[in-house]
1. On the basis of being part of a loop (DSSP other than H, G, I, E, B), open to solvent by 30 Å² or more (accessible area, probe 1.4 Å) and either at pLDDT below 85 or more than 21 Å from ILE147 (Cα to Cα) (or both), does GLU86 make the cut?
2. Taking region 26-56 on its own, how many of its residues are acidic (Asp, Glu) and under 17 Å from the mean Cα position of the chain (by Cα)?
3. State the number of residues belonging to region 59-71 that are at pLDDT 85 or above and in a loop (DSSP other than H, G, I, E, B).
4. Does any residue of region 155-171 turn out to be surrounded by fewer than 21 Cβ atoms within 10 Å (Cβ to Cβ) and on the phi > 0 side of the Ramachandran plot?
5. Can you tell me how many residues within region 22-58 are closer than 17 Å to ILE216 by Cα and part of a helix (DSSP H, G or I)?
6. Which condition number in (1) part of a helix (DSSP H, G or I); (2) modelled with pLDDT under 85; (3) surrounded by 15 or more Cβ atoms within 10 Å (Cβ to Cβ); (4) of a type outside the set (Val, Ile, Thr) is the one that PRO92 fails?
7. What tally of residues in region 24-54 results from selecting those that are in contact with a strand residue (DSSP E or B) (Cβ under 7 Å, 6 or more places away or on another chain) and within 15 Å of GLN194 (Cβ to Cβ)?
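The values are calculated or read from the model by the stated rules, or taken from the named source; none is laboratory data. All of these numbers come straight from a predicted model, not from anything done at the bench. Cβ coordinates were reconstructed from backbone atoms using ideal geometry, including for glycine residues, and neighbour counts include every protein chain displayed. Keep in mind that these areas ignore ligands, DNA and RNA; they rest on the heavy atoms of the full protein, side chains included. Shrake-Rupley method; radii C 1.70, N 1.55, O 1.52, S 1.80 Å.
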Amino acid sequence: MGSNFSKDGCFQYPIMDKRKLDTLRNYLCNYNPPEGCGGCINILLFGLEAGGKSSTINTFLSALDPQGATITCVPTGNNPGSLTPELHRFNPDSDFANYPVMPENVIHGVAFIFDMNTIDCISEEQMNAFKELQTIVAQKYTYRVVIGTKFEVLGIQENDHKSIYEYKPLQDKFTKLSELTGMEKRSMFVVSNQWRGDQIEMIKCILALYILENMIRNIDKFLKVTK
């Protein structure tokens with residue numbers, strides 16, 4: 001169940017059908033983390049205020065279990081630099097660091113959340129902070145991705161969500177993000193934050209679970225290699 005990339009290896013092209021959804025959900029719901037990581041995989045979501053962090057988590061939860069519970073909010077802060085000490089605290093660079101390593105607190109992956117509708121409004125200072133943060137994450141050998149939220153505002157019709165990664169305005173946004181942050185376009189994904197009643201549609205579930213599957217498989221591979 002590997003990733004499907006475009007010919008130039010830049011953009012994602014996940015399969016959009018019920019079988020894919022069942023495969024993704026089965027893999028994620030039955031996944032067992034490798035020994036030594038506290039029995040869980042920790043993924044940190046980082047983004048500006050109102051960027052879509054809470055709704056993204058709820059989308060993940062609902063995609064995994066449509067009848068399960070959701071959350072109302074996530075911890076937030078206004079200072080992009082606040083992530084730096086947290087990464088150093090949870091993932092020390094040496095055995096002599098001030099903070100001891102606790103397996104249940106290690107950050108295994110970081111997802112940078114960007115509102116697709118406001119990318120052009122992010123200041124140069126804020127974007128430089130994101131670039132610096134992703135460099136820190138990379139230096140700590142922590143897997144990282146970009147998750148674009150609220151892509152619906154770019155004008156794509158709901159019937160075309162299954163081909164969202166082929167949508168030129170979205171590709172242009174990701175190209176710009178890649179240039180500004182230094183992250184590869186193949187590590188950039190989208191999630192739909194729009195809800196319809198109490199359930200999200202199959203395609204929205206696949207978009208969400210596809211991100212989680214990509215992160216878990218890459219993190220799992222790294223943990224087994226470094227074990």
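1. The answer is no for GLU86.
2. 1
3. Count: 1.
4. yes
5. 10
6. (1)
7. So the answer is 1.
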